[in-house]
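Reviewing the structure listed below.
Coordinate-derived values only; no laboratory data. All figures in this text were calculated on a predicted structure; none of them were measured in a lab.
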Amino acid sequence: MDNGLDILVVRGFAVPEGRGKWACCYEIRLTTGRDEPLLYRGELHGMRYACEAAAIAAATFAGEQEARRHLATVREGMLARHEYCVMVAGEPVRESQPEPAAG
């Protein structure tokens, strides 16, 4: 994470489809302090809402749920492959060096 904080950002928006229906769209982006690469984009079509604000709220909620699913999948994969780090307080980090061969 290069001395920064990585945060997922979910942005919901709505596109009118006609007759009171909206395409509820969302984007999940990773903000790294330098840029915001797109990780995932999703849409829910044919949703009926009274106004654009309600459709945006629904899109944002759907995006948050999708982000949680993606995070859970990544977390499970890391645990399955043991790709995690355990830090113990009070012990300095030392680079491991090979022991000299006895002889």
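Scanning residues 5 or more positions from Leu39 or on other chains, those with amide H under 5 Å from its amide H are Ile28, Arg29, Leu30, with H placed 1.01 Å from N in the peptide plane.
Given their separation in residues at 0.36 nm each and the Cα-Cα distance between them, Glu43 and Val15 gain 9.1 nm when the chain is fully extended. Once the Cα-Cα distance is subtracted from the 0.36 nm per residue extended length, the Thr31 to Arg69 segment shows a gain of 11.8 nm.
The C-alpha radius of gyration of region 7-80, expressed as a fraction of 2.2 N^0.38 Å, stands at 1.25.
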